[in-house]
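Enquirer: Here it is: the structure, laid out below.
The values are calculated or read from the model by the stated rules, or taken from the named source; none is laboratory data. Quick caveat, the model's predicted, so the values are computed rather than measured. With ideal geometry, Cβ positions are generated from the backbone for all residues, glycine too; neighbour counts draw on all protein chains shown.
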Amino acid sequence: MIKVGIVGATGYVGEELVRILMQHPQSKIINLTSQSYVGKSYNEIYQNFEEICAHICEEDIEKLSKEADVIFLALPHGIASKKVNASILTNTKIIDLGADFRLKNVGVYEQWYHSKHFSPELLEEAVYGLCEIKREQIKKSNLIANPGCYTTCSILSLYPLLKENLIDEESIVVDAKSGVSGAGRALSLGTHYIECTESIKAYKIASHRHTPEIEQELGEAYQKEIKISFTPHLVPMNRGILATCYGKLKKQISWEDVMNIYKKYYEKEQFIRLMRKDVYPETRWVKGSNYCDIGFSLDERTGRIIVIGAIDNLVKGAAGQAVQNMNILFGLEENTGLNQIPMFP
């Protein structure tokens, strides 16, 4: 059994990790930590775990690193780089669901996150944990930077097109929508029910922190630095990411040929589902699952391709992908504990 610790277990992502790992046949949660709920049992905080999980929340990552085989960090940015060091990485594996180890350039991180990075020496060691693309690197690492939710959906949607040099790298536009859980559990006026229901809004226009993450990984695929236009929107639903991605095609190509390119990269990927022609992803068909659905259309009039991706932001966009990373690290089948069929309605 894999002994698991979760730091930051009482946020929405932490709760999703507990939910998935409690049903994982090869893992055992040995410790849950929470700065806000130290001394409280988990089922007091989330009553859906009544008679399922009664761990008492603690706060001691150093002690935990000597007991756990893997530690998940579900923390806001700026904290993990203070907590993780070379000593801890000799004791255990770390899967960080925050942003601290995603960007390889510390200057880019500090520019976009307005926060000092406290462990820049670990950035080269960290592996960007987008499982379908970085699988072989993940297997060899002790420090995994779990991708962001917008980035997971956007990168997976566009990766084959850039890898095969099919679109103009200067033409890329990503228009993405997220459910309110993406903002986290902390109180905020903008995510109060009355403030966000019956409305949709764009936010952090031309300044969202997932932008450089998308550019970094797509640039690596394209083998050239790229810049994109990325605009996120808040939608009054609990879960889900829908990313609509636009790119100018470099040559005329048929729908079937594009599909063959997507199949080249994803046909054997159990968590990526490629849509039939004229069928497009919807967030309701991935809710509660680790799937990423991808569909596309060719606009012959403008010479563009429009790619649509959909994920559950808390699962494939966070906790599910983190568990998928754990499975890779420990040589398990990637779908272990992740076979939940999307829930509907």
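Enquirer: For the stretch 19-33, give me the residue count where each residue is touching a Gly at 6+ places or on another chain (Cβ under 9 Å) and buried (at least 19 other Cβ atoms within 10 Å of the Cβ).
Expert: So the count comes out to 8.
Enquirer: Go through (1) without any contact (Cβ under 8 Å) to a residue 12 or more places away in the chain; (2) among the basic types (Lys, Arg); (3) crowded, with 18+ Cβ neighbours inside 10 Å one by one and return the number of the condition Lys83 breaks.
Expert: Unmet for Lys83, out of (1) without any contact (Cβ under 8 Å) to a residue 12 or more places away in the chain; (2) among the basic types (Lys, Arg); (3) crowded, with 18+ Cβ neighbours inside 10 Å: (1).
Enquirer: A further question on this structure: Of all the residues that make up the stretch 297-314, how many are surrounded by 23 or more Cβ atoms within 10 Å (Cβ to Cβ) and either modelled with pLDDT under 95 or closer than 23 Å to Glu164 by Cα (or both)? Let's see the steps before the verdict.
Expert: Step one: filter the stretch 297-314 for residues surrounded by 23 or more Cβ atoms within 10 Å (Cβ to Cβ), giving 307, 309-314.
From what is left, the residues that are either modelled with pLDDT under 95 or closer than 23 Å to Glu164 by Cα (or both) are 307, 309-310.
Residues in the stretch 297-314 being surrounded by 23 or more Cβ atoms within 10 Å (Cβ to Cβ) and either modelled with pLDDT under 95 or closer than 23 Å to Glu164 by Cα (or both): 3 in total.
Enquirer: Applying the selection to the stretch 164-194, what residues are more than 17 Å from Arg239 (Cα to Cα), surrounded by 14 or more Cβ atoms within 10 Å (Cβ to Cβ) and touching a helix residue (DSSP H, G or I) at 6+ places or on another chain (Cβ under 9 Å)?
Expert: Glu164, Asn165, Leu166, Ile167, Glu169, Ile172, Val174, listed by residue number.
Enquirer: Now for a separate question. For Tyr12, state whether it is without any contact (Cβ under 8 Å) to a residue 40 or more places away in the chain and hydroxyl-bearing (Ser, Thr, Tyr). Steps first, answer last, please.
Expert: Numbers: without any contact (Cβ under 8 Å) to a residue 40 or more places away in the chain: no; hydroxyl-bearing (Ser, Thr, Tyr): yes.
Criteria not met by Tyr12.
Enquirer: Next up: Just to be sure I understand the filter: pairs with C-beta atoms under 6 Å, separated by 6 or more residues or on different chains, first member in the stretch 217-243 and closer than 13 Å to Glu169 by Cα, second member in a loop (DSSP other than H, G, I, E, B). Which pairs pass?
Expert: Leu218/Ile226; Gly219/Glu225; Gly219/Ile226; Ile228/Ile172
Enquirer: While we're looking at this one, here's another question. Take Glu169 and decide whether it is charged (D, E, K, R), free of Cβ contacts under 8 Å to residues at least 60 places away in the same chain and in the same structural domain as Lys251 (by TED's automatic domain parsing). Walk me through it before giving the result.
Expert: On the way: charged (D, E, K, R): yes; free of Cβ contacts under 8 Å to residues at least 60 places away in the same chain: yes; in the same structural domain as Lys251 (by TED's automatic domain parsing): yes.
The answer is yes for Glu169.
Enquirer: Which condition number in (1) under 22 Å from Lys177 (Cβ atoms); (2) not in a strand (DSSP E or B) is the one that Ile305 fails?
Expert: All conditions are met except number (2).
Enquirer: Within the stretch 195-217, can you find the residues that are in contact with a Ser or Thr (Cβ under 8 Å, 6 or more places away or on another chain) and either surrounded by fewer than 17 Cβ atoms within 10 Å (Cβ to Cβ) or part of a strand (DSSP E or B) (or both)?
Expert: Listed by number, the residues that qualify are Ala202, Ile205, Ala206.
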